[in-house]
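Sharing a structure with you now.
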Amino acid sequence: MQTKKVYFKTFGCRTNVFDSQVMISKLQGHEVTENETEADIVIVNSCTVTNSADSGVRSYINQVNKDNSKKIFLTGCGAHSKGESLFKAGKVNGVFGQSEKAKINTLLAKEEKFYEIGDLEFVDENIVDDFVGKSRAFIKVQEGCSFRCNYCIIPSVRGDARSINEKLILEQITRLASNGYGEFVLTGTNVGSYGNGEKRSIASLMKRMSQIRGVRRIRLGSLEPTQINDEFKEILDEPWLERHLHIAIQHSSPEMLKLMNRRNNYKHDLELFNLLSEKGFAIGTDFIVGHPGENEELWCEAIKNIIQMPLTHIHAFTYSARDNTPSATMKQQVNGAVAKERLKELTNIIDQKNLAFREKYSSKELEVLIESKHDELYSGYDQFYNKVLVQSSEDIEGDWINIQDYKVKEDENYAKFKRS
C-alpha cells in the first residue's frame, strides 16, 4: 500500500505554527510533504481572528476541493467558529479542535467523516523536537486569554488563559537547543499571562531558558502593556533578549480604548514605550482601525498620539465584526473605505518611523539569523526584528552572521557577506 502524503497549511499566528509542528511530530504511517500539489491529505490549521481570516481559509478549502483526489481536514481556531458549517456543507472530511491534535493518527485512520471539536480547557503537554522548514523554534507557553476585549472572538475559540508546565517547556527547549536551534520565539494566545496565579511569570521563565546551553536569542510573540511590570523590566538589559518587543495597544485614543474594553491607557503606554526606546528597543504593536465609534475627531487624536510614540513595527488591520462580541452590536459603524484610508495613513507613519530607526542605528553591528534564500539573496532578521537581505557566495542558510557594513534601504537593510 502506497504511503499517503500529508500537506499542512497553517494560517494565522505562531501558536498555530507550533500546533502544526506538534501534528507533524506525531504523524506516523504517512509522509509529510511541503509540496501541496502532490499531497493526498491536506490539514488546514485555521485562523478566525477576523472576517478576512475566515474568508482566506474558506477560499483555500474551496480551491483544494477542485482536486477531488485530496482529503481535507480542518483544525485550529476556525474549527470552533466555522467548522460545523463547513462540515455540514461537505467541504471537509473531518473537523477537530486543538485539544485533539495529538490524536492525528487515529483521526486520519477513520473511514467515516468526523466532527470532534474537543474542549477549551486542555493544557498542552506535547513536546516538539524539530521544526520542519524553520530556522527558529516556536515554543507555546500558554493557551487561551482571560481578557474580554469587546471586539475579540479568541477567548471563545481558545478558552481562558492557562499555562503549560514549566518543566515541559524547559525540556523542549533543551532538546531543540541540542538539535541546533539558537533562537526561541515564545508564543501563546496571551503570552504575558504565563504563570498568572501560579507564582510564575514570563520573566522568570525566560531567565531559566537563558541558562540552557545553546540558547542564543529569546523573542516574545506579543505582550500587553500592563504585563511589562517591574520584574520584566529587570531583564531588559539581558543580552539574550531580542531588542524588539511587540506590545499590543490596539488603539491610541483614550476614548476608543474604553469602547474596546481595553486594560491599557495611552499615557502609560507612551511612558513605557519611551523607556524601552531609551534602552534601544525597536517596538511593535497591534492596532485596530475603524472600530465602532471611531469618528474623525477620535481618529485625529489617535494619529496625533501615534506620532508621539517611538514605534518601529505595526500589525494594523481594519475592524472586523465577530459574532457574539459586544463590538458587533455597537452603533456608529465606520465606513469601510474610510477605515482603509486610515489604515494606509497609519502604516505610512510607522514605515517612516522604522526607516528613521534603522538609519539611527546604522552604525550598530547586526546579528542576523539567516532563514531562507530567494533568487540570489539570503534573507533573515536582525536583533531589532528588521529584515536583512544578504548577498553571499557561500551557503549561509540557517547560520548566524554578524554584519557591520550594510545599506539602509526603504523596506529593509542590505549587505554583502564574506567570512573573514
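Kindly state, to the nearest 0.05, the FRET efficiency for GLU345 paired with LYS279, given R0 = 25 Å and r defined as their beta-carbon distance. It would help to have the intermediate numbers written out before the result.
Values: r = 29 Å, r/R0 = 1.15.
For GLU345 and LYS279, the calculated efficiency is 0.30.
In whole Å, how far is the Cα centre of region 212-231 from that of region 392-419?
26 Å
Among ASN150, ASN335, ASN324, which one moves the most in a GNM of the chain with springs linking Cα atoms closer than 10 Å?
Maximum among the listed residues: ASN335.
Taking R0 as 41 Å, what FRET efficiency do you get between ILE303 and GLU394 from their Cβ-Cβ distance, rounded to the nearest 0.05? List each step's numbers first, then the result.
Working: r = 46 Å, r/R0 = 1.11.
Efficiency for this residue pair is about 0.35.
Let me ask another. Students often check this: by mean Cβ neighbours within 10 Å, which of 80-87, 389-396, 276-283 ranks highest, and how do the rest follow?
80-87, 276-283, 389-396
Please report, for the Cα atoms of region 222-344, the Rg to one decimal and the Dmax as a whole number; what are they, in angstrom?
Taking only Cα atoms of region 222-344, I get Rg and Dmax of 15.3, 48 Å.
While we're here: At 222 nm, what value in deg cm²/dmol follows for the chain if DSSP H runs of at least 4 each add -39500 (n - 2.57) and the sum is divided by all its residues, to the nearest 500? Don't jump to the answer; show the numbers that get you there.
Working: 13 runs with 131 residues, N = 420.
After summing the helix terms and dividing by the residues of the chain, the value is -9000 deg cm²/dmol.
Now for a separate question. Please report, in whole Å³, the volume per residue of the convex hull around the C-alpha atoms of region 2-159.
Dividing the Cα hull volume of region 2-159 by its residues yields 117 Å³.
For the residues THR312, THR189, THR174, what sequence is obtained by ranking on other C-beta atoms within 10 Å, fewest first? Provide the component values of the computation, followed by the final result.
Details: THR312 22, THR189 25, THR174 15.
So the residues, fewest neighbours to most, are THR174, THR312, THR189.
Related question: Taking the chain as a Gaussian network, Cα atoms linked when under 10 Å apart, which of ILE314, ILE153, ILE401 shows the biggest mean-square fluctuation?
Ranking ILE314, ILE153, ILE401 by mean-square fluctuation puts ILE401 first.
Now a separate question. How large is Rg/Rh for the chain, to two decimals, with Cα atoms and a Kirkwood Rh?
Working: Rg = 21.9 Å, Rh = 22.8 Å.
With Rh from the inverse mean 1/r over Cα pairs, Rg/Rh is 0.96.
So, in nm, how far is label THR37 from label GLU410 when the simple model puts each one 7 Å beyond its Cα toward the Cβ?
3.4 nm
Semi-axes of the equivalent ellipsoid of region 137-360: what are they in whole Å, largest first, if each equals the square root of 5 times a C-alpha gyration tensor eigenvalue?
32, 21, 14
If you don't mind, there's one more thing I want to ask. Return the FRET efficiency for the residue pair LYS167, ASP130: r is the Cβ-Cβ distance, R0 is 25 Å, and the value is rounded to the nearest 0.05. Let's see the in-between values first.
Details: r = 20 Å, r/R0 = 0.80.
My answer for the efficiency is 0.80.
If you take the Cα Rg of region 272-420 and divide it by 2.2 N^0.38 Å, with N the number of residues, what do you get? Could you put the intermediate results ahead of the total?
Details: Rg = 19.2 Å, N = 149, 2.2 N^0.38 = 14.7 Å.
My calculation over the Cα atoms of region 272-420 gives 1.31.
Rg (Å, one decimal) plus Dmax (Å, integer) for the alpha carbons of region 366-417?
9.6, 26
Name the most mobile residue of VAL141, VAL32, VAL17, meaning the one with the largest mean-square fluctuation, in a Gaussian network model of the chain with Cα contacts below 10 Å.
VAL32
Bear in mind that the values in this text are calculations on the coordinates, not laboratory data. Remember, it's a predicted structure, so these values are computed and weren't measured experimentally. Quick reminder, even Gly has a Cβ in these numbers, built from the backbone with ideal geometry, and neighbours come from all protein chains shown.
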